[in-house]
Each structure stands twice: as C-alpha cells, then as structure tokens.
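Written below as structure tokens is the structure these notes are about.
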Amino acid sequence: MGEKLLTIEDIAQAANVAKSTVSRVLNNSGYVGKETRERVEKVIAESNYTPWVTARNLSKQMSNTIGVVVSEITNPYFARAFEGISEVIDKNDMNIIFCNTDRTPDKEEQALRMLQEKRVRGIIISPVIDYDVPEKAKLFRSQLESISAPTVLLDAPVDLDLWDGVFFDNFDGAYHAVKAMISSGHRQIGIITGDRKNKVVRERHRGYIKALKDSGLKVDPSLVFVGDYTVETAYRIGKSMIQAGMLPPAIFTANNFTTIGFIKACIEEKVELEKDVSVMAFDKLDEYDIFGLKYNRLERDPRAMGRMAAGMLVTRIQYPDMPRSRKIIPSKIVMCR
C-alpha cells in the first residue's frame, strides 16, 4: 500500500470485512471476533498508522502531520517556541510541516493553502498581519475554516473566538517594564518602537505611554523613535541618536531585534550600558547573558508557550467538542542591578 493514505473502505477491502467492522475495531466498540480483529489490526499495522489515528481521520484521509506557521523563524523567540512545539509533538508520534512566512501576507496565504492540500491534522499559527482590521480578520477566518482542522493561535493579536490560543498581554508587559524603569529612578525614558499599523506594536507603545502618564511624567515626542522591529533599523536609530547627542538616560527597546540593533550601536560608539544608558529590553537575549552585557528585560518563556500551544492542539484533536481554551502566558521583570 506504500505511502497511500487509507480510508476505512481500503482497510475493509484488504481485510475482507465490512466497513462497520473496521469502525468497531478502530473505536474499540461493539463485538468483533478475535480472528477478524487480528486481521484488521494487521492491515492497519502494515500501513504504518499510529495508534491514535481514528476512524474519522481515515475516512477524511487526514494525515498524521500538523502544520506550524510563524512569521519570523530568524527571530530567537519563535525558534525557542518551535522547540517547545516539537517536544510535545514528538512525544505524540506526530510529524511537523514547518512554514516561515517572513512577515509576508502572501506567503502566509500560500502556506495555509499548502497545509490544506496536505490534509494536516491540525495547525499552530502566529499570523503575520494585523487581523484587528475587520476585512483582514474575515479573510483569515475564511482561510482557516476552509482547512477544517483544529487550530491554535500562537502569540497572535487576533480577537477571534473560534480557535484555541496562547497569548501574551503586550500592553501589560510594556506597562510594567516601563514602570520598573521609573521605579528605579528614571524620569526621561525613550522608546524604539515599530510600525503602529501593527496591533502588537500599538499595544506595547500604549503600555509605554500609560506607564509614563500614571507616574505623572510627560510624554516627550522627541524620545519616541519609530523603527520597524528589525536589527538594521534599530542599529541606525541608535547610531544616529548617539552621534547627534540625543541619547536619553534610559530607553525601552520594544522587541528583541530592536534590542540587538540598539546595543550593537552602543558597543560601536563606546556607550557603556547601565552607565551611559539604561536599557529595558522586551524579551531576554541568551547570547547577551553569555557575554555579561548589562541590560534590564521583560522575560517570557517562548519554549513553554510552544509546549502549551502544542498541548492544546493535541487535546483538541482528541476531544474536538471541548470548550475553547485561551491562555495568557506570564512574564517577569529582571533588573540588572
């Protein structure tokens, strides 16, 4: 039978039994004679089906594979999340098709079409565009609904209640990160933000503004540096503000790539962290800890988030009618002094 995906009818023909008999064997329900059961189980075993595959999978010709779609695999955050996903999926004897969209909507649409063609058993996805916009949310919803597979949203700014999800409160995280800087004595805090057409960017920027206002501090537009959440742009912004003498005593770098670019500029310009400027980073950078660089940060656990998302998906596959589950992952503020 090779690599062909079997249906209940295929197994019934190979075992010379009725389709209802195959269903009873797969679901372990109703009486099936010992010899007949062994014959059906032998056909299933020779077809390399894993034990959890159900009659519904076979009748729909669905695979033993899940799809994982992320927007930036080069981002250490998503790489760590994928490690957590793989850990759970491997333990459940399933396979993974991995798709990287490079923050490109067209690539995301192509990835979802491909996963539909592959008849994946489920999907974990971190959407690339801001589905807070009704038209985009409608398109995204229709794409996932057409696949008809269990889906878990991963760290996504998507207010859709049809699917399970694991999220992070970006407003709350940014708010507490900036409040921690204020509590440590800083009164002039800049931010390198991103394109505020994106909801994640808007929420982190809103948290920054709220923390300042709640502390009785004025929002200084000259301390808001607009980037695009890339290393290269943050590096250029950092070099420019240092060379122009516009470096504030403290700065909030609103994503990990921004932190990398800004600290790179500081190192090149001989700006000493925690002496000349205090940095509050959104997310931990493991490689910086190795070199002993001093920076404050908001820490999340992306690997735990990946494990949680994969666990949700496996549970949803096994229990498709259970109530929807949406969880918020915790974070903590780590000050370097």
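Note that region 170-299 carries a Kirkwood radius of 14.3 Å, evaluated over its alpha carbons pair by pair. Pull out a ≥ b ≥ c, the square roots of the eigenvalues of the alpha-carbon gyration tensor of region 187-236, then state rounded if a/c is under 1.5, prolate if not and a/b is larger than b/c, and oblate in the remaining case. Note, shape of region 187-236 comes out oblate. Computed over region 170-299, relative contact order equals 26 percent, with contacts defined as Cα pairs under 8 Å that lie 6+ residues apart.
Taking a threshold of 21 Å on the Cα-Cα distance, which of the pairs K179/K213; K138/K199; K275/K332; K197/K327; K107/K138; K213/K327 fall above it? Correct reply: K275/K332; K197/K327; K213/K327.
Between D276 and E83, the modelled labels are 3.2 nm apart [label points 7 Å from Cα along Cα→Cβ].
For the chain, the antiparallel share of DSSP beta bridges with both residues in that region comes to about 10%.
For V152, the residues whose modelled amide H falls within less than 5 Å of its own, excluding neighbours fewer than 5 places apart on the same chain, are I123, I124, I125.
Taking Cα atoms only, the orientation of helix 134-147 departs from the longest principal axis of the chain by about 30 degrees. Under the simplified labelling scheme, the S215-R119 pair shows an inter-label distance of 5.7 nm, with each label point 7 Å from Cα along Cα→Cβ.
Hey, what's the Cα Rg ratio for region 249-337 versus the globular rule of thumb, 2.2 N^0.38 Å?
Ratio of Cα Rg to 2.2 N^0.38 Å: 1.48.
Here the Debye sum runs over all C-alpha atoms of the chain as equal scatterers in vacuum, and log10 of I(q)/I(0) at q = 0.11, 0.14 Å⁻¹ comes out as -0.76, -1.06. Whole-Hz Karplus values for region 193-198 come out as 9, x, 6, 6, 6, 8 Hz, taken residue by residue from phi with 6.51 cos²θ - 1.76 cosθ + 1.60 and θ = phi - 60°; glycine and proline positions read x. Note on R324/Q243: beta-carbon distance plugged into 1/(1 + (r/R0)^6) with R0 of 56 Å gives a FRET efficiency of 0.65.
Values of log10 I(q)/I(0) for region 58-130 across q = 0.12 Å⁻¹ run -0.32, by the Debye formula with one identical scatterer at each alpha carbon and no solvent. For region 262-326, the list of chymotrypsin sites (Phe, Trp or Tyr not before Pro) that fall in a loop by DSSP and count at most 15 other C-beta atoms within 10 angstrom reads F291.
Every read-out reported here was derived from the displayed coordinates using simple, explicitly stated rules and does not represent laboratory data. For clarity, every value in this text was computed on a predicted model and none was experimentally measured. Every residue, glycine as well, gets a Cβ built from its backbone with ideal geometry; the counts of neighbours run over all protein chains shown.
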